[in-house]
Amino acid sequence: HALARFVALYNTRLVATTRPYEGVVEMLQDASTRARLAVLTNKPAKPTQRLLDAFDLRKYFSDIVPGDGDLPRKPDPAGLTSLVERAGVDPSRALMVGDSPVDVQTAVNAGVSMCLVRYGFGFAKVSGPERARAAHEVDRPEAVAAVIARLTGP
């Protein structure tokens, strides 16, 4: 009963106060011209799609692996590995962008470089040793775009 109530409340309030972080839309616009972008989330598919649609962000992503799909949830590397394979990219050329310990662990587990964003709500839980495992650490979305630009060349 509690889970059903939570899901009902979550769905009614999903976009009530949620907004993309300042600069994220511009970063996605730039990054999507340089690289193939995908979403890897532990959130269920329907709320993920609703959020992307509500903010007109789906157009930037070629693929989505949700938490309730056929692949195990993060930090299991299967979702990230699948995205990298489907994109036809060598793992050494892939980049995971995230803000949490689970994101860091997922990247490490998949053998993919990590760009840790300090502006995300999950960053407060990232330990020093986890931070040390990230190849890049940034404070703003435009810095993510700059990392992607450096990695993809001119």
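Laboratory data are not the source of any read-out in this text; all were calculated from the coordinates shown. Small disclaimer: the values here were computed from a predicted structure and weren't measured. Here the Cβ positions follow ideal geometry from the backbone for every residue, glycine too, while neighbour counts run over all protein chains shown.
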Please compute the contact order of the range 1-114 in relative form: average sequence separation of alpha-carbon pairs under 8 Å and at least six residues apart, divided by the residue count, as a percent. 20
Given charges at Cβ of Lys, Arg, Asp, Glu: the chain dipole, positive-most of Leu151, Asn11, Tyr21: Asn11
Which order do the peptides 92-98, 55-61 come out in when sorted by mean C-beta neighbours inside 10 angstrom, highest first? 92-98, 55-61
The chain - mean residue ellipticity at 222 nm from DSSP helices (-39,500 (n - 2.57) per run, n ≥ 4, rounded to 500): -13500 deg cm²/dmol
The range 83-154 - Rg (one decimal) and Dmax (whole number), Cα, Å: 11.9, 35
Cα centre as origin, Lys/Arg/Asp/Glu Cβ charges: the chain dipole, Debye: 280
Compute the Rg/Rh shape ratio of the range 9-93: radius of gyration over Kirkwood radius, all on alpha-carbon atoms. 0.98
Part-to-part distance (alpha-carbon centres) for the range 90-110 and the range 1-43, which is given in Å: 18
Evaluated at q = 0.09, 0.14, 0.21, 0.22 Å⁻¹: base-10 log I(q)/I(0), Debye formula over Cα of the range 21-154: -0.23, -0.59, -1.52, -1.67
Please list, in order, the residues from the range 103-121 whose amide nitrogen is less than 16 Å from a point placed 7 Å along the Cα→Cβ vector of Ala135. 104-117
In degrees rounded to 10, the 0-90 angle between helix 24-34 Cα long axis and the longest Cα principal axis of the chain is 50
